[in-house]
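The values are calculated or read from the model by the stated rules, or taken from the named source; none is laboratory data. Since the structure is predicted, the reported quantities are computational estimates derived from the model, not experimental observations. Cβ coordinates were reconstructed from backbone atoms using ideal geometry, including for glycine residues, and neighbour counts include every protein chain displayed. Note: accessible area is taken over every heavy atom of the protein model, side chains too, but ligands, DNA and RNA are not part of it. Shrake-Rupley method; radii C 1.70, N 1.55, O 1.52, S 1.80 Å.
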Amino acid sequence: MKNAWKIYLLAIVSFLVGTSEYIISGILDKIADSLGITITAAGQLITIFSLVYAVLTPVLMALTAKLERQRLLVYSLGLFVVANLLSFALPGYVPFVIARIIMAMGAGMVVVTALGIAARIAPQGKQASSIATVVMGFTASLIIGVPLGRVTAAAFGWKSVFGLIAVLGIVAMVVLYKAIPKIQGDAPVPLLQQFALLRKPKVALGLGITFFWLGGYSVAYTYLSPYLLSVSGLGEQWISAALFAFGIASLVGSKFGGYSTDRWGVSLTLTFGMIIHIFALALLSFTNASAAAFPVFAMLILWSLSAWSSGPTQQFNLVQLEPESSGVMLGLNQSVMQLSMAAGAGLGGIAVNSISLSSITWLGAAGVAIAVGLALVLFRIGKQEKEAGRTVVSS
């Protein structure tokens, strides 16, 4: 494949962006201690990032639709680099919040543009796998970026993580400018036309599944490091290993979700994956590392496997709902995913303040349970439509 290395270059950029988003969960306690703020206030850095990403990315992409793609990618990455430099250099909580807002603006445009370029430069028939490769960069950020970020933060301070991302981002800008061909922009799809799909009940139900499934996941994942330290009783020396195991399991879960969907279908894979997700979060509440770390690791792996198995299945589910608007559906799903991450982090913060840190796994399980209910309604509607179609044909 002639452009394979360029696709992997885009995946590396996706990895940098994913690391900048997810790393907060891995170093939440360190940020809180350094800035003199509560764990809850530190957790809202994820809420802010996700909210800005979700709301502004569709707007910014619509405004820049006609801009040449290589230039847009380099400019967006430049904005992302500036934000990471600000995160590294500026002291205090408020400047860091401002940097996170700028970072989210750049990150959203980088990811969407990278996905579009990957599809455009891929050989015929390889577009889907090229997009999947870029998406894998995000998954790799959980596997490699977050645990390595935790190690780096422990050795050199948490700000060093953003300084390193900025340096790598500058290198990536130069390479992208040289490697990526000039690609013309597309005619913009009006935002109102994109949002018109939300009026369809099946689309609303489908995106609702994403919101509650990932929102439930986010409630617990946002506060994972302090939870493992304070509730599960893991020592600091185990945290990076736990995050690494969690990331590896996410990759395996994502692969299994795709395989299971092809073999057993969307409804079975999605429903059972989310049910196991619920049980894993509930069981994590009863595991403690006082005797041994293994039970905690086992529940983390089960949680990650089940949670991430739903990712590719849900994306395929949404494409099936509106096959003629698959691109718009996936774009809406990206925004809903970020909104759910913001809502989950926000709700988790309220729970930590008002109830306890140990409550986040139960709240997360409740969110996923709502997603299961929506999925059952959606699949029932789909089944009724198929039966009605068969009745019409037979008559």
Practice task
For Leu10, state whether it is open to solvent by 10 Å² or more (accessible area, probe 1.4 Å), in contact with a helix residue (DSSP H, G or I) (Cβ under 6 Å, 6 or more places away or on another chain) and closer than 26 Å to Ile121 by Cα.
Solution key: no
Completion exercise
Here the residues within region 33-45 that are in contact (Cβ under 8 Å) with a residue 40 or more places away in the chain and open to solvent by less than 10 Å² (accessible area, probe 1.4 Å) are Gly43, Leu45
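Among residues belonging to region 280-299 that are closer than 16 Å to Trp213 by Cβ and touching a residue at least 60 places away in the same chain (Cβ under 8 Å), point out the one that is surrounded by the fewest Cβ atoms within 10 Å (Cβ to Cβ). It would help to see each step written out before you state the result.
So in region 280-299, the residues closer than 16 Å to Trp213 by Cβ come out as 280-282.
Add one more test, that the residue is touching a residue at least 60 places away in the same chain (Cβ under 8 Å), and what stays is 281-282.
Details: Leu281: 28, Ala282: 15.
Across region 280-299, the extreme among qualifying residues is Ala282.
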Handout entry: Unique match (being surrounded by fewer than 23 Cβ atoms within 10 Å (Cβ to Cβ), in a helix (DSSP H, G or I), on the phi < 0 side of the Ramachandran plot and modelled with pLDDT of 90 or more) among Leu302, Leu339, Leu330
Key = Leu302
Exercise for the section: Inspect all residues belonging to region 48-63 and state whether any of them is closer than 19 Å to Gly149 by Cβ, outside any loop (DSSP other than H, G, I, E, B) and either modelled with pLDDT of 90 or more or open to solvent by 20 Å² or more (accessible area, probe 1.4 Å) (or both). Expected result: yes
Exercise for the section: May I ask you to say which residue of Val82, Val74, Val52 is of a type in the set (A, V, I, L, M) and either under 18 Å from the mean Cα position of the chain (by Cα) or not assigned by the TED database to the domain that holds Leu115 (or both)? Expected result: Val52
Problem - Close pairs from region 259-276: first assigned by the TED database to the domain that holds Val377, partner open to solvent by 60 Å² or more (accessible area, probe 1.4 Å) and modelled with pLDDT under 90, Cβ under 6 Å, at least 6 apart - result: Thr261/Phe316
